[in-house]
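The values are calculated or read from the model by the stated rules, or taken from the named source; none is laboratory data. None of the values given here were measured: they were computed from a predicted structure. Note that each Cβ is placed from the backbone with ideal geometry, even for glycine, and that neighbours are counted across all protein chains shown.
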Amino acid sequence: MPAQDLARARTFYSSKLGLEPVEERPGGLRYKCGSGYFTLFQSSGSASGTHTQMAWEVNDIQATVSELRQRGVTFEEYDLPGLKTIDGIVEIEGNYPSKGGVGERGAWFRDSEGNLLSIGQPLR
C-alpha cells in the first residue's frame, strides 16, 4: 500500500485499526493480519482511491463498523445503481460462491493516505 507519509500512515494503522508492524525496513512497514501480510511503503505517488485496494473479512460487520467509528474511522457512503450503503454498509447479492455464501455485507473507508480499504462479511 503506498504512503506519501509513512509516519502518518503508521499512526493511522495503529490508532484506528489497532495494527502494529511486525517488520520495519527503510521506506516500508510490514504487517501481519490473520494468515496474510501487507506492506505500507513510502511513495511519492498518491492513491487513486477509485477501487478497493485491500479488504478484510469479518464475522460481524455491524460491530466492526461501530468499533472502527469509535476509533475515528469515517465510512464511505454510496448511492449507485446496485450499490447503496445504509449507515456505511451495503448488502450485495451473489458474492462468495466458493464459500457457499449467497452474498456479502460490505463497508469502505480510506486510510490516511487515501487508499480505499474495505471490510466484508459473507452472507450464508
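Looking across the range 6-20, the residues that are surrounded by 12 or more Cβ atoms within 10 Å (Cβ to Cβ) and part of a helix (DSSP H, G or I) come down to LEU6, ARG8, ALA9, ARG10, THR11, PHE12, TYR13, SER14, SER15. Whether a residue is outside any loop (DSSP other than H, G, I, E, B), in contact with a strand residue (DSSP E or B) (Cβ under 8 Å, 6 or more places away or on another chain) and touching a residue at least 60 places away in the same chain (Cβ under 8 Å) was assessed, and ALA107 does not pass this test.
The residues of the range 75-87 that are touching a strand residue (DSSP E or B) at 6+ places or on another chain (Cβ under 6 Å) and not in a strand (DSSP E or B) amount to a single one, GLU76.
Would you be able to say whether some residue in the range 54-73 is at pLDDT below 95, farther than 21 Å from MET1 by Cβ, in a strand (DSSP E or B) and among the acidic types (Asp, Glu)? No: zero hits.
Among the residues of the range 51-71, is any on the phi > 0 side of the Ramachandran plot and within 15 Å of the chain's Cα centre (by Cα)? Within the range 51-71 (the criterion being on the phi > 0 side of the Ramachandran plot and within 15 Å of the chain's Cα centre (by Cα)), the answer is no, since none of the residues qualifies. The set of residues in the range 74-91 that are farther than 26 Å from ALA3 by Cα and either at pLDDT below 95 or charged (D, E, K, R) (or both) comprises ASP79, LEU80, PRO81, GLY82, LEU83, LYS84, ASP87, GLU91. Of the residues making up the range 21-37, those that are under 15 Å from the mean Cα position of the chain (by Cα), surrounded by fewer than 15 Cβ atoms within 10 Å (Cβ to Cβ) and not basic (Lys, Arg) are CYS33, GLY34, GLY36, TYR37. Quick check on the range 94-124: of everything there that is more than 20 Å from the chain's Cα centre (by Cα) and of a type outside the set (Ser, Thr, Tyr), which residue is modelled with the lowest pLDDT? Here the residue is PRO97. Can you pull out the residues in the range 32-45 that are out of contact with any helix residue (DSSP H, G or I) (no Cβ under 7 Å at 6 or more places or on another chain) and in a strand (DSSP E or B)? Listed by number, the residues that qualify are LYS32, CYS33, GLY36, TYR37, PHE38, THR39, PHE41.
Quick grid of which residues meet (1) part of a loop (DSSP other than H, G, I, E, B); (2) hydroxyl-bearing (Ser, Thr, Tyr); (3) surrounded by 13 or more Cβ atoms within 10 Å (Cβ to Cβ):
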site	(1), (2), (3)
THR50	yes, yes, no
VAL90	no, no, yes
SER118	no, yes, yes
PRO122	no, no, yes
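Among the conditions (1) farther than 17 Å from PHE109 by Cβ; (2) surrounded by 11 or more Cβ atoms within 10 Å (Cβ to Cβ), SER44 misses just one, which is (2).
Say whether the condition of being modelled with pLDDT of 90 or more, of a type in the set (A, V, I, L, M), more than 23 Å from ALA7 (Cα to Cα) and outside any loop (DSSP other than H, G, I, E, B) is met by at least one residue in the range 22-30. No, every residue in the range 22-30 fails to be modelled with pLDDT of 90 or more, of a type in the set (A, V, I, L, M), more than 23 Å from ALA7 (Cα to Cα) and outside any loop (DSSP other than H, G, I, E, B).
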